[in-house]
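What follows is a short report on a single structure.
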Amino acid sequence: MLTPESWRALFQNWPEDMERRGFVLSKQGESIGFDDFRVSNGLLLLGRNAPDASGARRAFIAFDEIALVKLPTIAELSQFQRLGFQQPGTGNAHRTISPEARTRQTV
C-alpha cells in the first residue's frame with residue numbers, strides 16, 4: 001500500500017539533473033501541473049511559471065492526498081533507478097516468485 005511517506009521520499013530524493021515538471025493528481029481528481037516543487041514533512045509545494053485557469057501559480061498538497069504523479073519526460077526508465085525504482089528480477093524485489101508462478105504469469 002502506498003503511504004504519504006512514499007510520495008515524500010520520491011520528491012525529496014529527486015535527482016538535481018532530472019526535470020522537475022509534471023502533474024500531480026489529487027485523490028479528489030484535481031490535476032495540478034508543476035514545473036518546480038519544494039518538500040516539507042507533510043506538504044508538497046508545487047510551482048509553475050504560468051498561472052493556471054484560476055490564476056494560481058503555487059499549490060500546496062498534503063502527501064496523503066496525492067493519488068498519482070505524471071511526468072512528460074522522455075527519460076529512459078533506467079534513469080529512475082536513482083529514485084529507487086528497480087527492474088523486476090534484479091534481486092531487489094520484496095517477494096520471491098517461484099519459477100512455476102513465473103511460468104503461469106507469462107502464459
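The values are calculated or read from the model by the stated rules, or taken from the named source; none is laboratory data. The model shown is predicted, which means the values in this text are computed figures rather than measured ones. FYI the Cβ positions are ideal-geometry reconstructions off the backbone, even for glycines, and counts take in every protein chain you see.
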Hits in segment 1-31 (condition: under 16 Å from PRO72 (Cβ atoms) and more than 13 Å from the chain's Cα centre (by Cα)): SER31
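If I filter segment 24-69 down to residues being among the charged types (D, E, K, R) and touching a Pro at 6+ places or on another chain (Cβ under 7 Å), which single residue comes out as farthest from SER6 (Cα to Cα)? Steps first, please.
Of the residues in segment 24-69, the ones among the charged types (D, E, K, R) are 27, 30, 35-36, 38, 48, 52, 57-58, 64-65.
Next, only the ones that are touching a Pro at 6+ places or on another chain (Cβ under 7 Å) stay: 57, 64.
Details: ARG57: 25, ASP64: 10 Å.
Out of the qualifying residues, it is ARG57.
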Pairs where the first residue, in segment 37-49, is at negative phi and among the aromatic types (Phe, Trp, Tyr) and the second is surrounded by 13 or more Cβ atoms within 10 Å (Cβ to Cβ) and assigned to a loop (DSSP other than H, G, I, E, B), C-beta under 7 Å, 6+ apart: PHE37/ARG20
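With respect to ALA67, determine if the residue is within 13 Å of the chain's Cα centre (by Cα), more than 20 Å from MET18 (Cβ to Cβ) and at pLDDT 90 or above. Give the derivation first.
Details: within 13 Å of the chain's Cα centre (by Cα): yes; more than 20 Å from MET18 (Cβ to Cβ): yes; at pLDDT 90 or above: yes.
Yes, satisfied.
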Test result for ASN41, farther than 23 Å from LEU77 by Cβ, among the polar types (S, T, N, Q) and loosely packed, with under 12 Cβ neighbours inside 10 Å: yes
For SER26: the one exception among (1) surrounded by 12 or more Cβ atoms within 10 Å (Cβ to Cβ); (2) at pLDDT below 95; (3) of a type in the set (S, T, N, Q): (2)
Lone unmet requirement of (1) within 14 Å of the chain's Cα centre (by Cα); (2) loosely packed, with under 13 Cβ neighbours inside 10 Å; (3) basic (Lys, Arg) for ARG57: (1)
Members of segment 58-79 found to be free of Cβ contacts under 8 Å to residues at least 40 places away in the same chain, assigned to a helix (DSSP H, G or I) and closer than 19 Å to ARG38 by Cα, listed by number: GLU65
Index of the failed condition, ASP64 passing every other in (1) among the charged types (D, E, K, R); (2) in contact with a strand residue (DSSP E or B) (Cβ under 8 Å, 6 or more places away or on another chain); (3) surrounded by 13 or more Cβ atoms within 10 Å (Cβ to Cβ): (2)
